[in-house]
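Down below is the structure, laid out as structure tokens.
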Amino acid sequence: MNRFTLLETPLEPARLAETLRHPSCGGYATFEGAVRNHNEGRAVVRLEYEAFVPLALREGERILAEAKSRFGLERAACAHRVGVLEIGDLAVWVGVGAAHRGEAFEACRYIIDHIKHSVPIWKKEYYPEGDSGWVNCEQCAAAPGSH
Amino acid sequence: MSAPTLYGLLLTGGRSTRMKRDKARLEYAGKPQLDRAMALIAPLVSRAFVSVRAEQRDDPQRTAYDTIADLRNDLGPLGGIQAAFQAHPSNAWLVLACDLPFLDAATIRHLIERRAATRLATAYRSGANGLPEPLCAIYEPASRASLEEWIAQGMNCPRKWMSRGDVELLDLPNAHALDNVNTANEYLAASATLGNGGSSGGAASSGPLRRVKVRYFALLREQAGRGSEDLQTAARTPQELYEQLQRERGLRLAPQFLRVAINDEFGDWQQPLAEGDTVAFLPPVAGG
């Protein structure tokens with residue numbers, strides 16, 4: 001299996017795309033997510049990704065399997081980085097192969113949306129001022145004194 | 001002619017899809033059900049075995065006993081019975097599910113005393129619907145061929161097999177002895193009845209301690225100042241454990257934003273914790 005992978009080394013889109021090739025596919029779609037130099041109005045200098053590996057792999061595979069059956073894909077794969085990434089580095093790659101382009105585009109979107117939503121991967125932003133913050137987490141403090 | 005010697009088989013290979021926890025390790029009155037059931041049957045049979053799926057072969061709690069691994073993993077309980085007959089074809093098997101916390105020695109003795117060794121099997125009728133209860137029953141060696149034929153036809157329900165076969169059916173002396181436990185709520189109710197104090201949401205200050213491993217990620221890892229730790233806790237559920245860690249480790253994320261994982265699977269805040277569990281509290285994710 002291992003169509004969903006977590007990598008500590010740079011993503012190589014051309015090599016990843018090779019794994020999609022299949023004679024019954026007429027359409028391939030891929031998505032590349034890269035580290036951006038700003039987020040929510042603040043400049044960002046780099047990112048750090050952390051994953052809960054066994055559960056992330058299982059959840060990632062579940063999403064790929066769901067996409068394959070929902071869109072009738074021949075191929076679906078995703079690779080996600082962990083560790084420290086600089087601006088411009090690829091953080092995530094999604095690729096699908098289908099009989100026709102419509103399913104390929106839709107499935108690619110479906111996969112990246114669900115991966116962002118439910119795979120246990122976390123992202124820390126580092127800012128030029130020297131501080132840092134965990135994306136989506138910093139607003140989640142419990143009210144003082146509550147348990 | 002004397003009846004074939006009786007061996008015991010505790011089925012522990014179930015996938016617990018509703019409970020989401022290994023039922024063999026659920027504790028009642030401070031003891032895992034695996035150990036409770038084996039202690040119950042061992043004195044009543046010549047040898048007792050734990051039936052396991054192939055991938056459970058190395059589980060230390062199971063290998064404390066003699067085990068028999070399934071030959072096929074797609075047959076459910078029938079796979080366990082099939083493997084038992086393959087290992088010891090000339091013995092009869094007392095087969096028990098491991099999700100029967102109310103089962104008592106009197107109910108098993110009654111079954112053994114009324115055993116009809118000239119028929120294919122002896123079983124109880126369900127107190128609820130009158131159907132045979134195939135997972136607290138005795139299977140004679142003569143049933144093996146019929147069970148194999150049943151499997152070969154693509155069937156895997158032992159209850160249906162019993163409904164059609166030459167099976168001695170008994171009434172239950174204790175109507176609730178075979179009540180089974182399939183969900184977290186049923187477990188909490190059963191463990192409360194059996195003296196585990198597991199039902200209410202009160203403070204977890206008393207009761208047995210269990211050893212659990214906690215894993216921390218991202219912001220919670222930084223707040224806890226560690227990636228993981230082993231601890232002894234009286235917490236009975238992830239919710240109670242998180243409340244304890246908020247106090248003791250200064251975790252500051254509100255639980256409504258978190259998800260729970262137990263033993264590397266998504267879990268439930270109210271799921272019962274067992275000895276040896278690994279629990280993780282997952283902050284909001286941000287992949288991509």
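No value in this document is a laboratory result; all are computed from the given coordinates. It should be emphasised that the depicted structure is a prediction, and the values quoted were computed from it without experimental measurement. Every residue, glycine as well, gets a Cβ built from its backbone with ideal geometry; the counts of neighbours run over all protein chains shown.
Across the residues of B:250-256, average count of Cβ atoms on other protein chains within 10 Å? Present the calculation step by step, with values, prior to reporting the outcome.
Numbers: counts 0, 2, 4, 7, 7, 4, 2.
Going residue by residue through B:250-256 and averaging, the value is 4.
Straight-line reach from B:Lys20: which lysines have a Cα under 25 Å away, not including same-chain ones fewer than 8 places off?
Within reach: A:Lys116, B:Lys31, B:Lys213.
GNM, chain B, Cα, under 10 Å: largest mean-square fluctuation among B:Asp99, B:Asp74, B:Asp277?
Among B:Asp99, B:Asp74, B:Asp277, the largest GNM mean-square fluctuation belongs to B:Asp74.
Taking the stretch B:50-128 as the region of interest, what is the percent of Cα-Cα pairs per 5 angstrom bin, listed from the shortest bin to the one with the maximum distance?
3, 13, 20, 22, 21, 15, 6, 1
Between A:Gly88, A:Gly97, A:Gly130, which gets the highest mean-square fluctuation from a Gaussian network model of chain A, Cα cutoff 10 Å?
Fluctuation is largest for A:Gly130.
Calculate, for B:Thr278 and B:Ser2, the FRET efficiency according to 1/(1 + (r/R0)^6) with r their C-beta to C-beta distance and R0 56 Å; round to the nearest 0.05. Mind dumping the intermediate values first?
Numbers: r = 49 Å, r/R0 = 0.88.
The pair B:Thr278/B:Ser2 has a calculated efficiency of 0.70.
Please express the shape of the stretch A:1-133 as an equivalent ellipsoid: the semi-axes are the square roots of 5 times the eigenvalues of the C-alpha gyration tensor, given largest first in whole angstrom.
Each semi-axis is the square root of five times an eigenvalue, giving 28, 15, 13 Å.
Name the residue, out of B:Tyr187, B:Tyr28, B:Tyr216, whose mean-square fluctuation peaks in a Gaussian network model built on chain B with Cα pairs under 10 Å.
Looking only at B:Tyr187, B:Tyr28, B:Tyr216, the largest GNM fluctuation is found for B:Tyr216.
Expressed in nm to one decimal, what extension gain is obtained for the pair B:Asp66 and B:Phe266 from 0.36 nm per residue of sequence separation less their Cα-Cα distance?
Full-extension gain reported as 68.9 nm.
Can you pull the mean other chain C-beta count within 10 Å for peptide B:275-287? All intermediate terms of the calculation are to be shown ahead of the outcome.
Numbers: counts 0, 0, 0, 1, 0, 3, 0, 4, 8, 9, 16, 15, 25.
Average neighbour count from other chains, rounded to a whole number: 6.
Can you give me the Cα centroid spacing of the stretch B:159-176 and the stretch B:223-273 in angstrom?
44 Å
Could you check the spin-label model distance between B:Leu209 and B:Ala105? Points 7 Å from the Cα along Cα→Cβ, value in nm.
3.2 nm
If you consider only alpha-carbon coordinates, what radius of gyration and Dmax does the stretch B:84-219 have, in Å?
In order Rg, Dmax, the Cα atoms of the stretch B:84-219 give 19.4, 66 Å.
Under 12 Å from the Cβ of B:Gln153, count the other residues' Cβ atoms, weight Lys and Arg +1, Asp and Glu -1, and hand me the total.
In short, 0.
Using only Cα atoms, tell me the angle between helix A:53-71 and the longest principal axis of chain A; keep it within 0 to 90° and round to the nearest 10.
40 degrees
What do you get for the angle between helix A:101-118 and the principal long axis of chain A? Use alpha-carbon atoms, 0 to 90 degrees, nearest ten.
30 degrees
Given H placed 1.01 Å from N in the peptide plane, which residues other than close sequence neighbours of A:Phe4 have an amide H under 5 Å from its amide H?
The list, which skips near neighbours in sequence, is A:Cys78.
Taking the Cα-to-Cβ direction at B:Thr17 and at A:Arg42 and moving 7 Å from each Cα, how far apart do the two end points lie in nm?
4.5 nm
Could you give the Stokes-Einstein D for the protein assembly as shown in µm² per second, using the C-alpha Kirkwood radius, 10 °C, 1.306 mPa s? Walk me through the numbers before you get to the answer.
Details: Rh = 24.9 Å.
Estimated via Stokes-Einstein, D reaches 64 µm²/s.
What number, rounded to the nearest 500 deg cm²/dmol, is the helix-based mean residue ellipticity at 222 nm of the protein assembly as shown, given -39500 (n - 2.57) per DSSP H run of at least four residues and division by all its residues?
-8500 deg cm²/dmol
Gain in length, B:Thr193 to B:Arg159, computed as 0.36 nm per residue apart minus the alpha-carbon separation, to one decimal in nm? Working shown, then result.
Numbers: separation 34, 0.36 × 34 = 12.24 nm, distance 2.80 nm.
My answer for the length gained is 9.4 nm.
Over chain B, what is the mean sequence separation of C-alpha contacts under 8 Å (at least six apart), divided by residue count, expressed as relative contact order in percent? Numbers along the way, then the final one.
Details: 523 pairs, mean separation 46.2, N = 288.
Taking the mean separation of contacting Cα pairs over the length of chain B, I get 16 percent.
What FRET efficiency, computed as 1/(1 + (r/R0)^6) with R0 = 22 Å and r the Cβ-Cβ distance, is obtained for B:Ala54 and B:His176, rounded to the nearest 0.05? Write down the numbers at each step before the final one.
Details: r = 34 Å, r/R0 = 1.54.
Computed FRET efficiency for B:Ala54 and B:His176: 0.05.
Using the Kirkwood radius built from alpha carbon pairs, what does the Stokes-Einstein equation give as D for chain B at 25 °C and 0.890 mPa s, in µm² per second? Working shown, then result.
Working: Rh = 20.5 Å.
It comes out at roughly 120 µm²/s.
Assign unit charges at the C-beta atoms only (+1 for Lys and Arg, -1 for Asp and Glu), then state the dipole size of the stretch A:83-147 relative to its Cα centre in Debye, rounded to the nearest 20. Please list the in-between numbers first.
Working: 5 positive and 9 negative charges, 54 e Å.
Using only the charged Cβ atoms, the result is roughly 260 debye.
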